[in-house]
Amino acid sequence: MKNKEWEKILASDYSARGRRKKTFVTDSNVPLAENYDGNDLKESGFDPARDLNLPGQYPYTRGIYPSMYRSDYWIMGQYSGFGNPEATNERFKYLLSKGQTALALALDLPTQVGVESDQEIADGEVGKAGVSINSLKDLEAIFDGIRLDRTKQIFTTANAIGPIMQAMFIALGEKQGLDPKSYSVVLQNDILKEYVARGTYIFPPSPSLKFALDAVEYCTNHQLKFKPIVVCGSHMRQGGATAVQEIAFTLANAQAYIDEAVSRGLSIDDFAPSIECQLSVPMYLFEEIGKYRAFRRMWARMLKRRYNAKNPESMKCFIRVYTTGYTMTAQQPLNNIVRVTIEALAAILGGAQSLSCSAMDEVLSLPSQEAAHVALMTQHILANETGIADVADPLGGSYYIESLTNTIEEKALEVMADIEKMGGAQKAIDAGHYQMLIRKSASEYQQQIEAGERIIVGLNKFRDEDANINVDSFKIDEELQKKVIADLHHLKEERDDVRVKLSLNKLDQVVRSGDNTIPALLECVRSYATIGEMCRIIGNHWGYHEGGGFRL
C-alpha cells in the first residue's frame, strides 16, 4: 500500500502538470506504477533467498557465474557471411583482426533449405542472405587460415540442416588435424521455431524433431564440446511476440527437445549443459533486463523440478542475444546506432553470455564492412569505457527490476500452462496457437505506431523530410552467383562418384531404419556429397513439409 499522503501529493502533481499518457505499460502490456518500493515486493511474496540468491547460485536470477564479467567479457560476435566462401573468409579475417572473439556464420536461403546453388529455385538468392555452402569444400574455403580451435566459438544458423552442418564441422576439424573435442561449434538446430517464425524448414515436424535430436545424441555420446541446439525465442520476438511470449515459447520448445532426448535414454545431466538459448532485445530497457533474469530463474527451476537435474551446469542457461531488427528504421539510419547501443546495454545489464549487434544499415541491405565495424566497436565501448561490466547484476535489488522480473515470470508461466494443456509445444504449433498469439501482438504493435501511440523517432515523429544522410548499402556482386555455380560443377566433376554413391546409399539405409543419422552424414560429407543430395535422400523417406515459405 502506497503512503496515502504521497498519493495526495501525486494527484496534485498530475492536476498541476498533467500526464504524458493515460496509462503506462511495458511492451508486454504489464501495467506500471508510478514508482516501486519494498511493499510491492512484499505483497507479491518475494523472498530474496529463494528468488534471488547470489550471482552464480541457484536459481541464477542474478547470473550464471559468481564473478560474471569480472573474469571475462561476454562473447562478442558479429553475424557475418555473404556471397561465396572466399568473400566470407575475407570478412571473417577482418572482424577477427578488429577484436571479434567469435564467428557467427550466416547461410543463404538455398543452403538453409537444402537447395543446391544451381537449382532454378535458388536463382537470385545465392549468397544473398548469407554465404552459399554446397559441400565440405565450401566450408574449407570459408575457414581457410582460420583454425577452429583458435576462436572462442563458432556459431551457425543451420536449422533444418543442423545435423548435416554438425557433420561438416566435424569433417572440417579432421581436415585441420584437430580432435573434435578440442573446439566448440554452436548449431542453432532449433527446428520447431521454423514452423512459427522463419519458415526455413524442409521436412515435416515429427521427423525433423527426431533429426535435430540426432545431433544432441551424437554430441552427448561422443562427449563433444559442440553445442548441438540453441532454443530460440528471438525469431518469434522478431515476428511480433512480446517479451513474455518470447520466453514462454522458448521454454515450451525446450521442453519438447528435452523430452525427446530423455525418451532416447539420455541422462538429463549428460546433455542439458550443452543446450543454449537465444533471445532478442528490443528497446524497452527495463523489461528486457527483467526478462533475462526471469528466464534464467524459470530455466533453473524447470530443470530442477520437472527433470530432476542434479548437475548445477544443467540449471545454468547460457543466453545468446541478438539485437533487434524490427526496431531499426530505414529513415534516418544513423539513429540505429543509438538503438543498437541501448539494446546491447540491456543485454549486458541482463547478464547475457554472448552478444551480436545489428549493423546500422541492416534495414537497407547486408551490413557494409564499415557498419559491421561500428557494431562491433559498440560492444568494445560498452565493455571498456562504461564500467557496466564491473559488478555482477548491478540492478539486482531494485524494487522496479525485481517487480518486473516477478511479473514477467508469472505471466510467462500462464502462457506455458496453456501450451501444456494443448499437449506441448509441437501440438500447440501444429494447431497454430503460437502463430495466432504472435499475429495478435504484432498487429497491436503496428496499430500503435500508426495511431501515434508508440513513437518511433524519425518514422512517425521527429521526421526530417529534408535529411539527406547517405548510407552506402552493401551490394552482392552478381558475378559471385556464377562463380558459386561454377565451383559446384567443378566439384562434381572432380570428386569420387563411386564414394559419393556409396555414402548416399548408406544414408538411405540409415534413414529407413530410424537409426541416428550423424555417422552416415559424416561419410557423405567426407565424400563431398552436397547438402542438397543428402536432403533429397532424407526427403524420399520423410517427405516435405507443405506450408509456404521457401520450398524444395
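Rule-based calculations on the coordinates, nothing more; no lab input. The model shown is predicted, which means the values in this text are computed figures rather than measured ones. Note that we place each Cβ from the backbone using ideal geometry, even for glycine, and neighbour counts take in every protein chain shown.
Over 29 Å between Cα atoms: which of 128/461; 42/461; 128/427; 291/440; 310/421 fall into that group? Flagged as over cut-off: 128/461; 42/461; 128/427.
Using only the Cα atoms of region 400-459, build the gyration tensor, take square roots of its eigenvalues as a ≥ b ≥ c, and label the shape rounded, prolate or oblate: rounded if a/c is under 1.5, else prolate if a/b is larger than b/c, else oblate. Taking the square roots of the gyration eigenvalues as a ≥ b ≥ c, region 400-459 is oblate. Each 5 Å bin from zero holds the following percent of Cα-Cα pairs in region 346-461: 2, 9, 10, 10, 13, 18, 19, 13, 5, 1. Note on region 223-321: the alpha carbon radius of gyration divided by the globular reference 2.2 N^0.38 Å gives 1.06. Ordering 74, 6, 542, 299 by the number of other Cβ atoms within 10 Å of each residue's own Cβ, fewest first, gives 6, 542, 74, 299.
For region 215-293 versus region 326-355, the inter-centroid distance based on Cα atoms is 22 Å.
Put in line by how crowded their Cβ is, counting other Cβ atoms within 10 Å and starting with the fewest, 399, 284 read 399, 284. The loop-placed GluC sites (Glu not before Pro) in region 390-449, going by DSSP, include none that has at most 12 neighbouring Cβ atoms within 10 Å of its Cβ. With N counted as the residues of region 1-50, its alpha-carbon radius of gyration over 2.2 N^0.38 Å works out to 1.43.
At R0 = 22 Å, how high is the FRET efficiency between residue 482 and residue 121 if r is their beta carbon distance? Nearest 0.05 is fine. Working from the Cβ atoms, E equals 0.80. Near residue 137: Cβ cut-off under 9 Å, other residues only, Lys/Arg at +1 and Asp/Glu at -1. The net charge is -2.
Counting Lys and Arg as +1 and Asp and Glu as -1, what is the net charge of the other residues whose Cβ lies under 10 Å from the Cβ of residue 235? Counting the neighbours of residue 235, the net charge comes to 0.
Helix 497-513 and the longest principal axis of the C-alpha atoms of the chain enclose an angle of approximately 50°. Once backbone amide H atoms are built at 1.01 Å from N, residue 155 has 103, 104, 105, 186 as its partners under 5 Å, excluding neighbours fewer than 5 places away on the same chain. Remark: relative contact order (the chain) = 19 percent; criterion is Cα-Cα distance under 8 angstrom and separation of 6 or more residues.
Could you tell me which residue out of 437, 113, 333 lies farthest along the dipole of the chain toward its positive end? Charges go on the beta carbon: Lys and Arg +1, Asp and Glu -1, centred on the Cα centre. Toward the positive end, the furthest listed residue is 437. Shape of region 123-279 from its Cα gyration tensor (a ≥ b ≥ c, root eigenvalues): rounded if a/c is under 1.5, otherwise prolate when a/b > b/c, or oblate? Cα axes put region 123-279 in the oblate bin.
For region 514-536, backbone nitrogen atoms closer than 14 Å to the point 7 Å from residue 499 Cα along Cα-to-C-beta are found at 522-530. Between the helical axis of 243-263 and the dominant principal axis of the chain, each derived from Cα atoms, what acute angle in degrees is found, rounded to the nearest 10? Taking the Cα atoms of the chain, the angle to 243-263 is about 40 degrees. Bin width 10 Å, alpha-carbon pairs only: give the P(r) of the chain as whole percents, running from 0 to the bin holding the largest distance. Taking every Cα pair in the chain, the percentages come to 3, 17, 28, 27, 15, 6, 2, 1, 0. Please name whichever of 522, 542, 383 sits farthest to the positive end of the charge dipole of the chain, dipole taken about the Cα centre and charges placed at Cβ: Lys and Arg +1, Asp and Glu -1. Going by the charge dipole, the pick is 383. For the pair residue 15 and residue 43 in one chain, pulling the backbone fully straight at 0.36 nm per residue adds 7.2 nm over the alpha carbon distance.
Three principal axis extents of region 1-117 based on alpha-carbon atoms, in descending order, are 69, 38, 31 Å.
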